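Take a look at the structure set out below.
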Amino acid sequence: MSITLDLSRATASAPRPPVNLSGLTREGLRQALIDADICPPDKARMRASQVWGWIHHFGVTDFAAMSNVAKDTQAKLAAAFTLARPEIVERQVSKDGTRKWLIRTAPGIEVEAVYIPDVGRAGALCVSSQVGCTLNCTFCHTGTQALVRNLTAAEIVAQVQVARDDLEEWPSPKEDRRLSNIVFMGMGEPLYNLDHVSDAIDIISDNEGIALSRRRITVSTSGVVPMLEPLGTRTQAMLAISLHATNDALRDVLVPLNKKYDLAQLMDGIRAYPGISNARRVTFEYVMLKGINDSPDEARALVKLIEGIPAKVNLIPFNPWPGTDYECSDWKTIERFAAILNKAGYASPIRTPRGRDILAACGQLKSESEKIRASVRRAEKAAA
Ligand code: SAH
Ligand code: SF4
């Protein structure tokens, strides 16, 4: 299921929106300043550095706030580029403090980002990498939403900026942050959008900007094996693998991508992940599905499967969503499963579901973009 939204007809006559500087890497920014005749090439590195600090350290959205940039340069920047934040369609706060934003980055393109306090060092932001997903994991709500498109680096960085605006975390603090970790565990498969994910990670980890350490940035994948090595080499991000099953027969059903890259290939790919060590463990995510993958035998099979890999296992109680047939394992079953992993030497925290009341928990994210697509299709049909 990979239907892509065709907005070409709807947007054919619309002028191209100006480039948002927030989505450019340092090198991209330098080049953009030269191309737009903002400054000569020999001054571009210095100018880019200055502008960079305003955007990513101070979080400004208005060129006029760049007080050490001359007025005529500010005007040139404003004429050629934008720093506008995307529209926030909805903001919800859960009883447990989890915050969820539905962000519209372009017509018909809506993504969700979720901030979860008290996770990681201080709080983690779960970001989306695509609108919808082409992979149809049977237990995942996002998987029921066809892919609309990959997000750009600017749209990924914008999720961090929106969260930071809301948490009032500008200028970017080095210590005492509320947003200390980033996890690519929102909508979409990040390894199908590695170019933009990688640029976004370069931007948010830059020391003179948002400055989140790459060790506090985790990319979760359902197992796109050929992209594991490039992910590690290009981003040095921490790796999380959505495992969910210990044999191919079951994983083929839960994570259909397994039919393409089976468990043996996946495990080889993980063992070869650049930088993997006891200090940089892989996280295996394992969603607990009642009567499906939660027996003690499966816990033992899991221990065997990951043997020798520096790893921890996150046990995720299944988060139900409207229309699913799966149920969450009983608490006792989850604890028994965790005990077997712990005994084998693997840290295996049970992830407390957060933000369930606002459908912000793992696998519950699903934007309205699909409905918009349906309405665009209807409109196109009517116009034909
Ligand atoms: N596509 C990537 C990242 C996004 S999914 C991936 O699959 O890894 C983020 C995590 O949430 C994955 O581990 C996914 O398996 C898990 N998840 C999906 N649906 C879930 C649900 N309904 N309940 C609990 N976890 C779920
Ligand atoms: Fe896509 Fe990840 Fe959901 Fe699978 S679990 S459908 S890969 S978002």
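The values are calculated or read from the model by the stated rules, or taken from the named source; none is laboratory data. Just so you know, these numbers come straight off a predicted model, no measurement behind them. FYI the Cβ positions are ideal-geometry reconstructions off the backbone, even for glycines, and counts take in every protein chain you see. We work out accessible area using only protein heavy atoms, side chains counted, and drop any ligands, DNA or RNA first. Shrake-Rupley method; radii C 1.70, N 1.55, O 1.52, S 1.80 Å.
The mean sequence distance of close C-alpha pairs (under 8 Å, at least 6 residues apart), as a share of the length of the chain, puts its relative contact order at 16 percent.
Between Ser213 and Ile309, full extension at 0.36 nm per residue minus the direct alpha carbon distance yields a gain of 32.2 nm.
Taken along the Cα-to-beta-carbon direction at a fixed 7 Å, the label points for Val19 and Ala75 span 2.3 nm. Across the range 131-265, the mean sequence separation of Cα contacts (distance under 8 Å, 6 or more residues apart), normalised by length, yields a relative contact order of 24 percent. If you take every DSSP beta bridge whose two residues both sit in the chain, what share of them, in percent to the nearest 5, is antiparallel? Antiparallel bridges: around 45 percent, rounded to the nearest 5. What do you get for the angle between helix 26-35 and the principal long axis of the chain? Use alpha-carbon atoms, 0 to 90 degrees, nearest ten. Value to nearest ten degrees: 30.
In terms of distances greater than 28 angstrom between alpha carbons, the cross-link table entries Lys259/Lys304; Lys76/Lys100; Lys312/Lys332 yield Lys76/Lys100.
Just the protein heavy atoms count here, and of the accessible area of the range 87-358 at 1.4 Å, carbon and sulfur take up 50 percent. Scanning residues 5 or more positions from Val89 or on other chains, those with amide H under 5 Å from its amide H are Leu102, Ile103, Arg104, with H placed 1.01 Å from N in the peptide plane. Each other residue within a Cβ distance under 10 Å of Val111 adds +1 if Lys or Arg and -1 if Asp or Glu, for a net charge of -2. Of the residues Gln236, Gln159, Gln50, which exhibits the maximal mean-square fluctuation in a Gaussian network model of the chain defined by a 10 Å Cα contact cut-off? It is Gln50.
A 1.4 Å probe, protein heavy atoms only, puts the accessible area of Leu243 near 0 Å².
So what is the relative contact order of the range 19-82, in percent, for Cα pairs below 8 Å that sit 6 or more residues apart? The normalised contact order for the range 19-82 reaches 37 percent.
Only residues of the range 69-86 count here: report those whose backbone N is under 20 Å from the spot 7 Å along Cα→Cβ of Ala106, or say none. Those under the cut-off are 80-86.
Taking the chain as a Gaussian network, where each spring joins two C-alpha atoms under 10 Å apart, which residue of Thr352, Thr221, Thr25 fluctuates the most? Result for the chain, Cα springs under 10 Å: Thr352 fluctuates most.
Springs between alpha-carbon atoms under 10 Å, Gaussian network over the chain: tell me which of Gly59, Gly269, Gly345 tops the mean-square fluctuations. Ranking Gly59, Gly269, Gly345 by mean-square fluctuation puts Gly345 first. Computed on protein heavy atoms with a 1.4 Å probe, the accessible areas place Arg104, Arg121, Arg99 in the order Arg121, Arg104, Arg99, largest first. Think of a 1.4 Å ball rolled over the protein heavy atoms: the chain then has 44 Å² of accessible area per residue.
How much FRET efficiency would the formula 1/(1 + (r/R0)^6) give for Ala36 and Asn68, where r is the Cβ-Cβ distance and R0 is 25 Å, rounded to 0.05? Given R0 = 25 Å and the Cβ-Cβ separation, E is 0.85. Given their separation in residues at 0.36 nm each and the Cα-Cα distance between them, Ile350 and Lys290 gain 20.1 nm when the chain is fully extended. Estimated from the Cβ-Cβ distance and a Förster radius of 51 angstrom, the FRET efficiency linking Ser49 and Val93 is about 0.90.
The modelled label-to-label distance between Asp262 and Ala122, using points 7 Å beyond Cα along the C-beta direction, is 4.7 nm.
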